[in-house]
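This report concerns only the one structure given below.
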Amino acid sequence: MRVFHDSISGMDHVALTLGEMKGPDPVLVRVHSECLTGDVFGSLRCDCGPQLNSAIRQIQEVGWGCIVYLRQEGRGIGLHAKIQAYNLQDKGADTVEANLLLGHPVDARDYSIASEIIGAVGIHNVCLLTNNPDKVRQLVSNGTNVSERMPLIEGVADENREYLSIKVDKMGHDIPEEELGN
């Protein structure tokens, strides 16, 4: 485990690696944004915890890979604002509308530090576990060679099905309709 300080945001981020990161084959990588409610408390509002656990499991199965854990809670708006957004969602707003009603962007995350971390741990060729095309775009634009993308569809439940559908419809996430049960 290595910790990386982001001098711009002031946050510390983590790279958890398993095995050797060098070689011609793409390294399995999950760039995961912190989600206290999902990762720690098992919230069913999102798919974050199951995605993180699945990524760890997949990396263990192949014997090498990296989890880049970014301290970007609530799609980058922070824990306090995320809980405010949850309260708006409880009153009928969707996840995108809630962020906008609070004066925040739909997604405030910046993945440039993730590209720096990926390079610093010696990864030159990435197989990225994600459903988020913006994450791929940002990593590539910051110099990361993403040669493959593997979907990470985990934790779909009645409690988060609408949330995930909104991520597909309004944020462009790549989750097939049949996975959502629509």
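Any read-out appearing in this document is the output of simple, stated calculations on the displayed coordinates, not a laboratory observation. Here the structure is a predicted model, which means the values were calculated and not measured. Counting neighbours? That spans all protein chains shown, and the Cβs are built from the backbone with ideal geometry, glycine included.
Residues 140, 3, arranged from fewest to most other Cβ atoms within 10 angstrom of their Cβ, appear as 3, 140.
Within the shell defined by Cβ-Cβ distances under 14 Å, the residues around residue 3 carry a net charge of -2, with Lys and Arg each +1 and Asp and Glu each -1. Against the main long axis of the alpha-carbon atoms of the chain, helix 48-62 sits at an angle near 20°.
On C-alpha positions alone, give me the angle between the axis of helix 161-171 and the longest principal axis of the chain, in degrees, nearest 10. Between the helix axis and the principal axis of the chain, the angle is about 70 degrees.
Kirkwood-type hydrodynamic radius, region 1-151: 16.0 Å, calculated from all non-identical alpha-carbon pairs.
Subtracting the Cα-Cα distance of residue 102 and residue 61 from their residue separation scaled by 0.36 nm leaves 10.6 nm. In region 65-121, which GluC sites (Glu not before Pro) fall in coil by DSSP and have 14 or fewer other Cβ atoms within 10 Å? Sites meeting the loop and neighbour criteria: none at all. If R₀ is 30 angstrom, what is the calculated FRET efficiency for the pair residue 177 and residue 80, using the beta carbon separation as r and rounding to 0.05? With a Förster radius of 30 Å, E is 0.30.
Taking each residue as 0.36 nm, the span from residue 7 to residue 169 lengthens on full extension beyond its C-alpha to C-alpha distance by 54.9 nm.
The calculated FRET efficiency for residue 161 paired with residue 22, based on their beta-carbon distance and R0 = 45 Å, is about 0.65. Taking a Cβ cut-off of under 9 Å around residue 55, the surrounding Lys, Arg, Asp and Glu residues balance to a net charge of +1, with basic ones at +1 and acidic ones at -1.
Per-residue ellipticity at 222 nm computed for the chain from its helices equals -11000 deg cm²/dmol, with DSSP H segments shorter than 4 residues left out and the rest contributing -39,500 (n - 2.57). The distance between label points at residue 145 and residue 53 comes to 3.5 nm (points 7 Å beyond Cα on the Cα→Cβ vector).
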